[in-house]
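The values are calculated or read from the model by the stated rules, or taken from the named source; none is laboratory data. Just so it is clear, the model here is predicted, and its values are computed rather than measured. Ideal geometry is used to build each Cβ from the backbone, glycine not excepted, and the neighbour counts take in all protein chains shown. Only protein heavy atoms, including side chains, enter the accessible area calculation; ligands, DNA and RNA are left aside. Shrake-Rupley method; radii C 1.70, N 1.55, O 1.52, S 1.80 Å.
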Amino acid sequence: MKTLLKMIFMWTAISAPLLFISCNTSCAPKETTGIDESIYKDLPFDMPRVEQPNFPDYEVNILSFGAVSGGITLNTEAINNAIKDVHSKGGGKVIIPEGLWLTGPIEILSNVNLYTERNSLILFTDDHSAYPIIETSFEGLNTRRAKSPISARDAKNIAITGYGIFDGAGDSWRPVKKEKLTEKQWNNLIKTGVIDESGVLWFPNAGALKGAKATKEFNNPEGIKTEKEWNEIRTWLRPVLLSFIKCEKVLLENATFKNSPSWCLHPLSCEHITLNNVKVFNPWYSQNGDALDLESCKNALIFNCTFDAGDDAICIKSGKDKDGRDRGEPCQNVIVKNNTVLHGHGGFVVGSEMSGGVKNIYVTDCTFLGTDVGLRFKSTRGRGGVVEGIYINNIQMIDIPNEPLLFDLFYANGNKDQNIVPEVTEETPSFRDIHISNVYCKGAGRAMYFNGLPEMPIDNVTVKDVIISDAAEGVVISQATNVAMQNIRIEGQKGAPLQLLNAQNIKINGKIHNIGNRAEALSFQ
């Protein structure tokens with residue numbers, strides 16, 4: 001008996017610390033993803049390491065909250081109750097298993113990792129009454145929109161991970177232009193919905209058309225006063241698929257997002273945000289179907305992602321006009337690396353809503369396949385804001401129908417008022433200190449176009465080690481100062497390889513050209 005008690009005592013003495021260690025190890029928060037430190041190597045500016053979320057081991061399955069797969073049962077309550085449970089327990093993982101899950105809006109709460117298993121498809125309902133109309137921001141302006149299918153506000157330590165697919169049912173929300181469809185597609189489409197007076201723009205329902213008629217600018221319908229009137233135009237107030245506002249330590253990893261009502265992924269005023277191996281697919285005809293709009297965010301990583309968009313693909317923003325200037329939050333400290341864009345109006349884009357400023361952006365090792373424009377910088381008078389400290393390196397492109405590199409400070413106004421030189425005010429946008437190297441493109445329209453403002457020329461831009469072959473036209477630099485180009489090769493263009501207009505201190509392979517208020521054709525030799 002004494003021997004037995006001694007053995008029990010010894011086992012307890014040995015195992016108790018092990019049990020204690022095991023509990024501490026398993027219950028401690030775990031970092032969701034490891035970031036290879038090499039991503040910060042050779043950064044041309046200082047930025048802090050992007051903090052990653054971490055979660056306790058606690059996890060639940062939405063099946064435990066009554067979720068039913070198959071695409072018939074609406075699982076909004078089950079999914080959100082699972083999220084609330086994990087949040088209330090201090091954090092952990094909500095598992096969406098394999099299956100087809102129909103749901104309304106999902107709201108992510110602090111310390112929750114929404115994990116989707118392989119072969120899970122989350123389909124958001126096309127019943128628009130499930131999406132309440134809320135106060136928010138869209139296209140840089142304070143406005144009202146329908147609630148996003150996926151949202152978080154003021155949340156910390158959140159993630160969407162796993163290998164599932166989120167489908168935003170965007171075709172039930174979006175208007176469609178006739179020019180973007182084949183005749184057969186258009187004829188099939190107009191069997192439903194309504195067409196405007198022009199006969200070339202389709203809307204999902206009469207409410208969407210009413211909203212369009214009440215809108216001078218896309219965001220803010222005028223003359224809509226009562227809640228009844230707002231509800232009538234709900235379809236016109238189509239939301240972004242994912243809206244994260246004022247969140248910290250955010251991770252999107254491996255999941256696929258597709259068919260968004262308008263923009264797809266829209267982090268706004270977030271800090272420490274990571275996108276790793278995310279995929280976005282929107283139809284090429286999708287109106288305002290941007291893939292990613294990173295707006296007024298600080299400390300971000302975007303890497304190993306694939307984007308196929310109906311509008312701009314990887315887009316950096318910071319608010320529009322007075323609303324953006326009043327917010328005063330630049331988008332800054334961003335690394336964009338190892339991404340592929342299959343289609344989009346622009347592969348990498350800054351603007352046009354950049355009124356709060358953009359700075360410290362590093363883009364490297366990206367591939368654009370058939371985007372309308374490759375590297376696209378755009379703004380216009382009225383925006384204000386300063387874009388500076390942009391570094392782009394090692395970009396591969398093919399089949400770019402317009403410019404592989406474009407600066408357009410007369411965006412969306414048809415280059416009107418080019419000869420007017422107003423005073424510089426807080427509404428004058430400024431693009432400066434932008435450095436581009438090692439860009440290769442086969443198949444292009446105009447090779448490059450710099451189109452600055454006469455009152456605020458594009459300033460201090462370097463472009464070196466570039467080959468653009470099979471280009472329809474050469475390079476045009478207008479309203480720019482202190483541009484240095486070195487080792488540029490443009491092949492296949494008609495006319496002169498380089499045209500300067502109203503340009504000062506343009507350095508071509510070390511030789512300085514001051515054109516003033518005239519045009520001159522040059523070569524890069």
Note: the chain, point scatterers on Cα, Debye, no solvent; log10 I/I(0) at q = 0.06, 0.09, 0.12 Å⁻¹ equals -0.32, -0.68, -1.13
Report the one residue of Asn61, Leu406, Tyr440 whose Cα lies farthest in the direction of the positive end of the charge dipole of the chain (charges on C-beta: Lys and Arg +1, Asp and Glu -1; origin at the Cα centre). Asn61
Any idea what angle helix 2-27 forms with the longest principal axis of the chain, computed on alpha-carbon atoms, 0 to 90 degrees, nearest 10? 20
Inter-part gap, Cα centre of the range 68-87 to Cα centre of the range 254-333, in whole angstrom, is 26
Given the Cα-Cα distance of Thr215 and Glu423 and 0.36 nm per residue of separation, how much length would full extension add, in nm? 71.9 nm
Mean residue ellipticity at 222 nm from the helices of the chain, using -39,500 (n - 2.57) per DSSP H segment of n ≥ 4 over the full residue count, to the nearest 500 deg cm²/dmol? -4000 deg cm²/dmol
Between the range 125-148 and the range 438-499, how far is it from one alpha carbon centroid to the other, in angstrom? 40
For the chain, which whole percent of the accessible surface, found with a 1.4 angstrom probe, sits on carbon and sulfur atoms? 51
Residues meeting the amide H criterion for Thr274 (H placed from the backbone, H to H distance under 5 Å, 5 or more places apart or on another chain) are Val250, Leu251, Leu252, Leu301
Tell me the accessible surface of Lys320 in square angstrom (1.4 angstrom probe, heavy atoms of protein chains only), to the nearest ten. 30
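May I ask you to derive the relative contact order of the range 119-195, considering only C-alpha pairs under 8 Å and at least 6 residues apart, and to give it as an integer percent?
35
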The range 211-310: antiparallel bridges as % of DSSP beta bridges, rounded to 5, reads 5
By the Kirkwood definition, with r running over pairs of different Cα atoms, the range 306-404 has a hydrodynamic radius in Å of 13.5
Which order do His272, His345 take by accessible area at a 1.4 Å probe, largest first? His345, His272
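Mind checking the dipole of the chain: about its Cα centre, +1 per Lys or Arg Cβ, -1 per Asp or Glu Cβ, Debye to the nearest 20? Could you put the intermediate results ahead of the total?
Details: 53 positive and 61 negative charges, 92 e Å.
It works out to roughly 440 debye.
I'd like to check one number: the per residue accessible area of the chain, probe 1.4 Å, reported in Å² as a whole number.
Working: 21930 Å² over 525 residues.
That works out to 42 Å² for each residue.
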Inter-probe distance in nm under a simple model that places probes 7 Å from Cα toward Cβ, at Ala519 and Lys507: 2.8
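What's the Cα-based Rg to Rh of the range 31-91, Rh via Kirkwood? All intermediate terms of the calculation are to be shown ahead of the outcome.
Working: Rg = 18.4 Å, Rh = 14.9 Å.
Rounded to two decimals, Rg over Rh is 1.23.
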With label points built 7 Å along Cα→Cβ from the Cα atoms of Gln486 and Asn188, find their separation and express it in nm. 5.5
Whole-Hz Karplus ³J(HN,Hα) for the range 223-235, in order, using 6.51 cos²θ - 1.76 cosθ + 1.60 and θ = phi - 60°, x for Gly and Pro? x, 9, 10, 8, 4, 4, 5, 4, 5, 5, 9, 3, 4
I'd like the Karplus ³J(HN,Hα) series for the range 182-193: coefficients 6.51, -1.76, 1.60, θ = phi - 60°, whole numbers in Hz, and an x wherever there's a Gly or Pro. 6, 4, 5, 4, 5, 5, 6, 5, 6, 6, 10, x
Could you give the distance between the Cα centres of the range 342-396 and the range 167-210, to the whole Å? 30
Tell me which residues come under 5 Å, amide H to amide H, from Ile392 once H is placed; ignore anything under 5 positions away on its chain. Val363, His435, Ile436, Ser437
Of all trypsin sites (Lys or Arg not before Pro) in the range 333-434, which ones are in loop regions per DSSP and have a Cβ with at most 14 other Cβ atoms within 10 Å? Lys416
Do you know the relative contact order of the chain, to the nearest whole percent, from alpha carbon pairs under 8 angstrom that are 6+ apart? 8
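Could you give the length gained on full extension between His435 and Lys89, defined as 0.36 nm per residue of separation minus the Cα-Cα distance, in nm?
On the way: separation 346, 0.36 × 346 = 124.56 nm, distance 4.81 nm.
Length gained between His435 and Lys89: 119.7 nm.
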Normalised contact order of the range 307-452, rounded percent, pairs of Cα under 8 Å and 6 or more residues apart: 23
Points 7 angstrom from Cα along the Cβ direction at Asp196 and Asp154: gap in nanometres? 3.8
